[in-house]
Each structure stands twice: as C-alpha cells, then as structure tokens.
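The values are calculated or read from the model by the stated rules, or taken from the named source; none is laboratory data. Because the structure is a prediction, the values reported are computed rather than measured. Cβ placement follows ideal geometry from the backbone for every residue including glycine, while neighbour counts extend to all protein chains displayed. The area values use the complete protein model at the heavy-atom level, side chains included, leaving out ligands, DNA and RNA. Shrake-Rupley method; radii C 1.70, N 1.55, O 1.52, S 1.80 Å.
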Amino acid sequence: MTTGTPRSTHLYIVTGASRGLGAALVRALLKPGNRVIGVARSRNTGLEAEASASGVAVAWHLQDLSQPGPSAGWLGSVLDAVDDTPASITLVLNAGVVEPIGPITQLRDTTLVPHLQTNLVTPMTMTGAFIEHTARFDCPRRVLAISSGAARNPVPGWSAYCAGKAGLDMFIRSVNAEYASLPAERAVRAVALAPGVVDTGMQETIREADFAQVQRFRDLKANDQLASPDDVAGRIVAYLGRDDFGTTELDDIRNY
Ligand code: NDP
C-alpha cells in the first residue's frame, strides 16, 4: 500500500487516444490537476504538441488493443510504474471498431474475432489488470466504458458491434457486482456510457458501408446533426466528476 505520500493528481488512462472521441477526451482532460496516459496504435503529433504546451503530463503509448493479453500486461506495467498515490484513477475504455458491417451470413472468424477482441475481450482483460494493479492505492477508482445505443437496440448489419457492446454493458455491470459495494477505499465503480452519434472517423466508415439503415447516418451528416467530439468529450469529463458516478451503470450522455 502506498501511504504517506501526498495526494497528487487525478490520473486518467484513455484508450483510443489518437483520433475521434478519444483524442477529444484527452484534450478535455488537459486541465491542471490531471495527468493522462493515452494509448492507441498510432500517434497524433498535433495533439501531442497541444498536450505538451498545456503543461499537463501526458504519456503516449503505442499498443495494439486487439491483443487482450499483451494489452493487459501493458496496462499492469504502466500502473506498477506509478510512484505516488493519485487523487483518483480512471480507466476510460474508448478504443473501438465498427467493422465488420454486413449480414450475419457473411460473418467470418477472421474479422469477427479481432473485432470482439478489441471491443470486448481487451476491455475485460484491461479492467482486470486495472483493478489488480491499482489495489495498492487507497483512492477512488473508476472504469468508464464507451458503449453505444447499438448495445441496447439492434441495428441490422451491425451484429458484431451490437453483440460486443452489449457484452461490454454486461461486463460493466459485472464489475459493479463484484467491486462497487466494497468499502470505499477498495471499491471500483463502473459505467457503460453511450456517447450519441459523434462526428468521427467511425461515422465516415459507417456512411460508406452497405447496410439497411445507412441513409439515416448519411442524413445526420448532411443535416449537420452529428455531435462534435469536443462537445461530447467535455460532457463526458464533467460526467466523470459526478459524485453519483456509477449509480446508473448503463447510461447515455444525451440524458444530461
Ligand atoms: P474512431 O474510429 O474515430 O477512433 C477509434 C479509436 O480507437 C482510435 O484512436 C483508434 O486508434 C483506436 N483503436 C481502434 N482499434 C485499435 C486497436 N486495435 N488498438 C489500439 N487502438 C485502437 O472512433 P470513435 O472516436 O467514433 O469511437 C470511440 C468510441 O465511441 C468507440 O468505442 C465507439 O464504438 C464509440 N461510439 C462511437 C460513436 C460515434 O458516433 N462515433 C457512437 C457510439 C459509440 P488507432 O487506429 O490509432 O489505433
């Protein structure tokens, strides 16, 4: 147990930090009193420069999160290297993919397995590593999984994505079932939060895909009805700071 050290900064680990909502989340976290660990497969040099100019400590890591074992190992070693007790620690499971899109008869293990590993299995192994490797800290611990409306209502052609996100929702409920009622210093609180329809690269992929409801997504873009990543990220960061975080396990940022 790391005791006796002064409470320092709030520590956030953000997966999928290179683009889209994850990059916007890192940007929204560039506030005094925070430090951030961002991970993805690729770099975002513009964001790295912005972070560096902000004075907030941001560490960037390259990791393929379609590999559940190495991803958990990576997170464990990063957490073991934290040498003071943060004021709080939050794991934001944001990285995700939407493809393969298409009919269930066309599902193939070659694309389905890496999809589910990225969207479901790695978030599970990383959460396990997070809980284990933060046990020495007596500070609030939170897990925020970025879910989707598609976890809760099926979209024809999105069976992989819907099933993975629905699995993620239930996994988050399982985390709370095991850890939320522990004494405060041992508790982990978890939420699966749908972010709305956000103007990112994932939406570009969706608009170019072939599935029954594609026109709805094309219309949202054409009518300027997509949420901006920075706006959604700002609201998610405010949500993370709520005293009642974890009370609503499956939530939607559009409710706030
Ligand atoms: P983007 O496609 O814009 O960005 C995805 C991010 O995930 C990138 O930073 C990418 O980094 C990272 N990522 C993907 N695969 C891997 C991998 N194997 N290893 C490491 N990192 C990976 O998506 P969004 O920002 O739109 O999505 C963010 C989250 O929000 C996802 O979980 C998505 O399902 C969810 N969501 C998005 C919605 C939307 O309308 N945009 C709606 C509902 C939910 P890199 O490629 O550099 O590795």
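Pick out, in residue order, every one of the trypsin sites (Lys or Arg not before Pro) in segment 147-256 that is DSSP loop and has at most 11 other C-beta atoms within 10 Å; say none if there are none.
Values: sites: R152, K165, R173, R186, R189, R207, R216, R218, K221, R235, R242, R254; in loops: R152, R242.
Sites meeting the loop and neighbour criteria: none at all.
Relative to the longest principal axis of the Cα atoms of the chain, the long axis of helix 122-133 makes an angle of roughly 10 degrees. Qualifying trypsin sites (Lys or Arg not before Pro) in segment 81-143, where qualification requires a DSSP coil assignment and no more than 13 other C-beta atoms within 10 Å, comprise R108, R136. Between A184, A129, A17, the GNM of the chain built on Cα springs shorter than 10 angstrom shows A184 fluctuating the most.
Averaging over all projection directions, the Cα-based convex hull of segment 43-169 occupies 9.1 nm² in the image plane. Simple rule: put +1 on each Lys or Arg Cβ and -1 on each Asp or Glu Cβ in the chain, find the dipole, and look at N255, A192, Y239; the Cα lying farthest toward the positive end is N255.
Here the spin labels are modelled as points 7 Å beyond Cα on the Cα-Cβ line, and at E132 and D84 they lie 2.8 nm apart. Computed over protein heavy atoms with a 1.4 Å probe, the carbon and sulfur contribution to the accessible area of segment 25-158 reaches 56%. In a simple Cβ point-charge model (Lys, Arg +1; Asp, Glu -1; nothing else charged), segment 101-256 has a dipole of about 180 debye relative to its Cα centre.
Remark: segment 197-241 carries 54 Å² of accessible area per residue (probe radius 1.4 Å; ligands, DNA and RNA excluded). Computed from the C-beta positions of L107 and E50 and an R0 of 45 Å, the FRET efficiency is 0.70 to the nearest 0.05. Only Lys, Arg, Asp and Glu carry charge here, each on its Cβ (+1 for the first two, -1 for the last two); on that basis segment 18-163 has a dipole of about 360 debye about its Cα centre. Can you tell me the 0 to 90 degree angle between the C-alpha axis of helix 68-80 and the longest principal axis of the chain, rounded to 10? Its long axis makes an angle of about 30 degrees. Averaging the sequence gap over all C-alpha pairs within less than 8 Å and six or more residues apart, then dividing by the number of residues, gives segment 191-256 a relative contact order of 56 percent.
Close amide H pairs (under 5 Å, H built 1.01 Å from N) link T90 with L11, Y12, I13, R142, residues at least 5 positions away or on another chain. Evaluate the Debye formula for the chain with equal point scatterers sitting on the alpha carbons, no solvent, and hand back log10 of I(q)/I(0) at q = 0.07, 0.08, 0.16 Å⁻¹, in q order, two decimals. Results for the chain at q = 0.07, 0.08, 0.16 Å⁻¹ read -0.23, -0.30, -1.24. Translational diffusion of segment 67-130 was estimated from the Stokes-Einstein equation, with Rh taken as the Kirkwood radius over Cα pairs; at 25 °C and 0.890 mPa s the coefficient is 183 µm²/s.
Using alpha carbons only, the radius of gyration of segment 25-112 set against its Kirkwood radius gives Rg/Rh = 1.06.
Only helical runs count toward this figure. For the chain, summing -39,500 (n - 2.57) over DSSP H runs of n ≥ 4 and dividing by all residues gives -12000 deg cm²/dmol at 222 nm. Between segment 2-76 and segment 128-203, the C-alpha centres lie 18 angstrom from each other. Angle of helix 229-240 to the longest C-alpha principal axis of the chain, folded into 0 to 90 degrees and rounded to 10: 40°.
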